[in-house]
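Engineer: Dropping the structure in here first, questions after.
The values are calculated or read from the model by the stated rules, or taken from the named source; none is laboratory data. Predicted model only: the values in this text are computed from it and were never measured. Neighbour counts are summed over all protein chains in view; Cβ atoms, including those assigned to glycine, are modelled from backbone coordinates with ideal geometry. Please note that ligands, DNA and RNA were not included when accessible areas were found on the heavy atoms of the full protein model with its side chains. Shrake-Rupley method; radii C 1.70, N 1.55, O 1.52, S 1.80 Å.
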Amino acid sequence: MSSHTAHPTPTGILVVGGGLGGVAAALAALARGHSVVLTEETDWLGGQLTSQGVPPDEHPWIEQFGCTRTYRALRDAIRDYYRTWYPLTDEARGRRDLNPGEGRVSRLCHEPRVAAAVLDAMVAPYVAAGRLRVLYRHRPVAVAVDGDLVRSVVVEGPDGERAEVAARYVLDATELGDLLPLAGAEHVTGFESRHDTGEPSAPEEAQPDNMQAFSWVFAVEHRAGEDHTVDRPADYEAWAAYQPPQWPNPLLSLTAPDPRTLETSTRDFIPNAESGPVVADQSKDPGDKELWAFRRVLSRAVLRPGFALSDVTIVNWPMIDYLPGPLIGVSEEERTRHLAGARELSLSMLYWLQTEAPRPDGGTGWPGLRLRGDVMGTADGLAKAPYIRESRRILARRRVVEQDLSFAVRGEAGAVAYPDSVGVGMYRIDLHPSTGGDTYIDVASCPFQIPLGALLPVRLRNLLPAGKNIGTTHITNGCYRLHPVEWNVGEVAGSLAAHCLEEGVEPGQVHEDAERRSGFQEELVRAGVELAWPRVGAY
């Protein structure tokens, strides 16, 4: 029987959601001496980096600048994990910019389980000291609100047991912005209208149910001469025939639109093919033409010769983008159906690769493809959770719109410089096909800032977004949703909550008072948060 505590557990700061933003928020508050309760729906911290199985998508200058000091510490710790525990070649071990997977999508492609271990290590001292309590496998189910203040959040565990946590500040770091409707926070979903935002790429009418596809990714290796073919999925025939709107062919294939040109392009897929030296730079090449190397997370070439029988690569391709419907704004029954459908699509893609994918020798299928569930921390081989690209978004004091940072609009002037900047980010506006039938929207952008106003709800005084739920639009979410930006947003949210507790002020006062805001920005700079970019180009 479900129940919740009669007396809420009190804490200064509650962070709901243990993804990258949630962990960064918790660490920022903890570093300033505060106690934190952190909840997470899965049994891994890290969200898109770990439980969702996606190597970091980052800008080309990430090794020099363009992220917070703590995000860089995370990247360094991941590399050190490989140097400490893996039998690397001398050449690989000596690389300052070690890329364990030699993947083309990022300069740091690594196994999800390694990032999970590193994040556990980063929070471990605070757990040991009793200053951080992590409630794994808990999801929010209710929020108590008193006027414009959130008083407590009820979270439910795996056996239906409930706990109520009261907090002075509540941070929503969930993947879908789950606290926003529970708290009655003003928010938006899907596509805003051009009339509303003025964005060149927006439609004439708002489309609140039109959201980017989500994906259920998986990891594979290839064992030549072995047969690891999975059972034929029950809905395989339906998925094999499924052709999305504006798509040149059925989804299960190696052919898909090029995101930047929309021209039809057939990718290469050859397990364990020699890829040569890889320097990932998405400003020059998105890296998706060779799918085996695209999101490879462990390369045999960096390991002692003969140690590994195969590379390990992540399948997170357009061909597994789930388009029949979103996870937001639907009934629980429909949501469950979409989640099951996404898993079935991914398994159908695997089965197609194992049985029907064209090979260079004229044959079909790679039966030696073997699911690596251990890389994902699962028994079934798929990631613990779906990869979420788009969340509910707060109606914020400052909304980031396309014309703030589009290179076509801003040109050499660069992105809008916000006086309330609390961080930086960079990525193309990269929108995947959507549940409303849209194909890619891919827009060159300028290196941008994160305005503090985008983290402040228009009404609620002690609820802060700490992830993809900040005040962007459907379009600008496409470049604010990536790993280093989500971490930066979370770190600022945690720092702001701590600052407000220490100073006896509210977030709105920090934002409105130029002197207070400047003081908070100075605190962020001392903590290693970059507020502005050096002169760099667009992509």
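Engineer: Rounded, prolate or oblate: which one fits the range 116-194, using the alpha carbon gyration tensor with axes a ≥ b ≥ c (rounded when a/c is under 1.5, else prolate when a/b beats b/c, else oblate)?
Structural biologist: prolate
Engineer: By average Cβ neighbour count within 10 Å, what is the ranking of 395-406, 368-379, 255-266 from highest down? Mind dumping the intermediate values first?
Structural biologist: Details: 395-406: 21.9, 368-379: 19.4, 255-266: 14.7.
Sorting 395-406, 368-379, 255-266 by mean packing, highest first, produces 395-406, 368-379, 255-266.
Engineer: Restricting to Cα atoms and excluding each atom paired with itself, what does the Kirkwood estimate give for the range 337-474 in Å?
Structural biologist: Details: mean 1/r = 0.0538 Å⁻¹.
When all Cα pairs of the range 337-474 are included, the Kirkwood radius is 18.6 Å.
Engineer: Further, regarding this structure: Taking H placed 1.01 Å from N in the peptide plane, check which residues at least 5 places from E356 or on another chain put their amide H under 5 Å from its amide H.
Structural biologist: Those lying under 5 Å, H to H, from E356 are G365, W366.
Engineer: The range 428-459 to the range 285-322: how many Å between their Cα centroids?
Structural biologist: The range 428-459 and the range 285-322 have Cα centres spaced 27 Å from each other.
Engineer: Let me ask you something else. Which percent of Cα pairs goes in each bin when the distances of the range 67-114 are cut into 5 angstrom slices starting at zero?
Structural biologist: 5, 21, 33, 27, 13, 3, 0
Engineer: If I compute solvent accessible area with a 1.4 Å probe over the protein chains, what percent of it on the chain is carbon and sulfur?
Structural biologist: 50
Engineer: Relative contact order of the range 425-477: what whole-number percent is it, with Cα pairs under 8 angstrom and at least 6 residues apart?
Structural biologist: It comes to 31 percent, rounded to a whole number.
Engineer: Moving on to the next point. Suppose a student asked you for the relative contact order of the range 20-87, using Cα pairs under 8 Å spaced at least 6 residues apart; what percent would you report?
Structural biologist: 23
Engineer: Shifting gears a bit: Given the -39500 (n - 2.57) contribution per DSSP H run of 4+ residues, what per-residue ellipticity at 222 nm results for the chain, rounded to the nearest 500 deg cm²/dmol?
Structural biologist: Result for the chain, helices only: -8000 deg cm²/dmol.
Engineer: Further, regarding this structure: For helix 514-526, what angle does its Cα long axis make with the longest principal axis of the chain, in degrees from 0 to 90 and rounded to 10?
Structural biologist: The angle comes out at about 40 degrees.
Engineer: For the range 336-413 and the range 483-539, write down the distance between their C-alpha centroids in whole Å.
Structural biologist: Measuring centre to centre over Cα atoms gives 31 Å.
Engineer: Now a separate question. Collect residues whose amide H, placed 1.01 Å from N in the peptide plane, falls under 5 Å from the amide H of D258; neighbours closer than 5 in sequence don't count.
Structural biologist: When sequence neighbours closer than 5 places are left aside, the close amide H contacts are E263, T264, S265.
Engineer: In whole Å, what are the Cα extents of the range 167-212 along the three principal axes, biggest one first?
Structural biologist: Its Cα atoms span 41, 18, 15 Å along the three principal axes.
Engineer: Compare the peptides 48-58, 169-179, 234-244, 33-43 by average per-residue count of other Cβ atoms within 10 angstrom and give them in order, highest first.
Structural biologist: Per-residue mean Cβ counts within 10 Å order the peptides as 169-179, 48-58, 33-43, 234-244.
Engineer: Please state the relative contact order of the chain as a whole percent: Cα pairs under 8 Å, 6+ residues apart?
Structural biologist: Values: 1290 pairs, mean separation 120.5, N = 539.
Computed over the chain, the figure is 22 percent.
Engineer: If the viscosity is 0.692 mPa s and the temperature 37 °C, what translational diffusion coefficient in µm²/s does Stokes-Einstein give for the range 406-486 when Rh comes from Kirkwood over Cα pairs?
Structural biologist: Values: Rh = 13.6 Å.
Value of D from the Cα-based Kirkwood radius: 241 µm²/s.
Engineer: What is the gain in length, in nm to one decimal, between D380 and R337 on full extension, counting 0.36 nm per residue of separation less the C-alpha to C-alpha distance?
Structural biologist: 13.6 nm
Engineer: May I have the convex hull volume per residue, in Å³, for the Cα set of the chain?
Structural biologist: 149
Engineer: Where does helix 332-355 land angle-wise versus the long Cα axis of the chain, in degrees 0 to 90, nearest 10?
Structural biologist: Computed tilt is about 30 degrees.
Engineer: If you build the convex hull over the alpha carbons only and average its shadow over all orientations, what do you get for the range 32-131? Give it in nm² to one decimal.
Structural biologist: Reported value for the Cα convex hull: 7.5 nm².
Engineer: Still on this structure: Please go through the range 64-158 and write out the chymotrypsin sites (Phe, Trp or Tyr not before Pro) that DSSP classes as loop and that have at most 14 other C-beta atoms within 10 Å.
Structural biologist: When the chymotrypsin sites (Phe, Trp or Tyr not before Pro) of the range 64-158 are filtered for loop state and at most 14 Cβ neighbours within 10 Å, F65 remain.
Engineer: Using all Cα-Cα distances in the range 380-539, what percent lands in each 10 angstrom bin from 0 up to the longest?
Structural biologist: Taking all Cα pairs of the range 380-539, the binned fractions are 11, 39, 33, 14, 3, 0 percent.
Engineer: Tally Lys and Arg at +1 and Asp and Glu at -1 over the other residues with C-beta under 13 Å from the C-beta of C67: what net charge comes out?
Structural biologist: Result for the local shell: -3.
Engineer: 7 Å from Cα along Cα→Cβ at both A417 and V458: what's the point-to-point distance in nm?
Structural biologist: Reported label-point gap for A417 and V458 is 3.0 nm.
Engineer: Something else now. What number does the range 289-397 give for Rg over Rh if you use C-alpha atoms and the Kirkwood radius?
Structural biologist: Rounded to two decimals, Rg/Rh equals 1.05.
Engineer: Tell me, in nm to one decimal, what length is gained between A273 and Y242 on full extension, where the rule is 0.36 nm per residue of separation less the Cα-Cα distance?
Structural biologist: Answer, rounded to one decimal: 8.2 nm.
Engineer: Quick query: amide H of V529 versus all other amide H atoms, modeled in the peptide plane; which residues come in under 5 Å with a sequence gap of 5 or more or a different chain?
Structural biologist: Correct list: R69.
Engineer: Further question on the same structure: Subtract the Cα-Cα distance of A527 and E512 from 0.36 nm times their separation in residues, and report this length gain in nm to one decimal.
Structural biologist: Residue separation times 0.36 nm, minus the Cα-Cα distance, leaves 3.2 nm.
Engineer: Something else about it: When 1/r is averaged over all different Cα pairs and the result inverted, which Kirkwood radius in Å belongs to the range 28-69?
Structural biologist: Details: mean 1/r = 0.0763 Å⁻¹.
Result for the range 28-69 stands at 13.1 Å.
Engineer: Once you charge only the Cβ atoms, +1 for Lys and Arg and -1 for Asp and Glu, what is the size of the charge dipole of the chain about its Cα centre, to the nearest 20 debye?
Structural biologist: 1200
Engineer: Further question on the same structure: Measuring with a 1.4 Å probe in the full set of protein chains, what accessible area per residue, in whole Å², belongs to the chain?
Structural biologist: 37
Engineer: Taking only Cα atoms, what is the 0 to 90° angle, nearest 10, from helix 483-503's long axis to the longest principal axis of the chain?
Structural biologist: Between the helix axis and the principal axis of the chain, the angle is about 20 degrees.
Engineer: Then there's this: Expressed as a whole number of Å, what is the distance separating the alpha-carbon centroids of the range 42-108 and the range 194-219?
Structural biologist: Centre-to-centre distance over Cα atoms comes out at 30 Å.
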